[in-house]
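The values are calculated or read from the model by the stated rules, or taken from the named source; none is laboratory data. Since this is a predicted model, take the numbers as computed values, not measurements. Neighbour counts run over all protein chains shown; Cβ positions are idealised from the backbone, glycine included.
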Amino acid sequence: MELASQVIYVDNVEEVLDFYYQAFGFNTKSLSDDAEYGELNTGSVKLAFATHPYAQAHFKQGYIRAHPKQPALGFELRFNCKSLSASYDKAVLAGAEPLTPPSKKDAQHFAYVRAIEGTLICLIQQA
C-alpha cells in the first residue's frame with residue numbers, strides 16, 4: 001500500500017487552487033466542470049481539494065471543517081523549497097497567515113504558514 005493522495009475539503013475549490021498557485025507555484029492539474037473537485041501538480045502524491053457538498057455526497061458522517069479562524073487541525077502539509085525565506089515571503093504575500101518565520105533547529109531549516117482554507121503548511125529547505 002502507498003499514499004495516493006490528500007484531499008482537503010474547502011468552501012471554494014477554485015479560490016484555493018489559485019491561492020496554492022500564487023503562494024507555492026503549484027499549477028492546477030485538473031478541475032471538474034462543476035468546480036467541486038480539483039487537483040494540483042505536486043509530484044508523486046496528489047494534493048486535491050473538494051467542496052464540502054462533494055464530501056457529504058461520499059460519506060454521511062460529520063467531520064471538523066478546516067477554517068482559518070478556528071484552531072488548526074492536527075496535521076500539516078510539508079513542501080520542500082529551494083529558498084526558504086523567498087518561499088515564506090511569497091506565501092505570506094499571497095495571503096497565507098505567517099506562523100513561524102524561517103528558523104533553524106538542528107540541521108533542519110523550516111517555516112510555518114497557514115493557508116487560506118486553514119491548513120498548516122511547513123516549508124522546508126534541505127541543508
Meets criteria (modelled with pLDDT of 95 or more, over 16 Å from the mean Cα position of the chain (by Cα) and of a type outside the set (Asp, Glu)) for SER87: no
Test: residue in the range 74-85 that is surrounded by 18 or more Cβ atoms within 10 Å (Cβ to Cβ) and out of contact with any helix residue (DSSP H, G or I) (no Cβ under 7 Å at 6 or more places or on another chain): yes
Residue within the range 31-40 that is more than 18 Å from GLN126 (Cα to Cα), within 16 Å of the chain's Cα centre (by Cα) and loosely packed, with under 15 Cβ neighbours inside 10 Å present: no
Neighbours by Cβ (under 9 Å, 6+ apart or cross-chain): first from the range 44-55, crowded, with 16+ Cβ neighbours inside 10 Å; second outside any loop (DSSP other than H, G, I, E, B) and polar (S, T, N, Q): LYS46/SER5; LYS46/GLN6; LEU47/SER5; LEU47/GLN6; ALA48/SER5; ALA48/GLN6; ALA48/SER30
Given (1) in contact with a Cys (Cβ under 6 Å, 6 or more places away or on another chain); (2) modelled with pLDDT under 95, number of the condition GLU76 does not satisfy: (2)
The range 1-13, subset without any contact (Cβ under 8 Å) to a residue 40 or more places away in the chain and surrounded by fewer than 14 Cβ atoms within 10 Å (Cβ to Cβ), residue farthest from the chain's Cα centre (by Cα): MET1
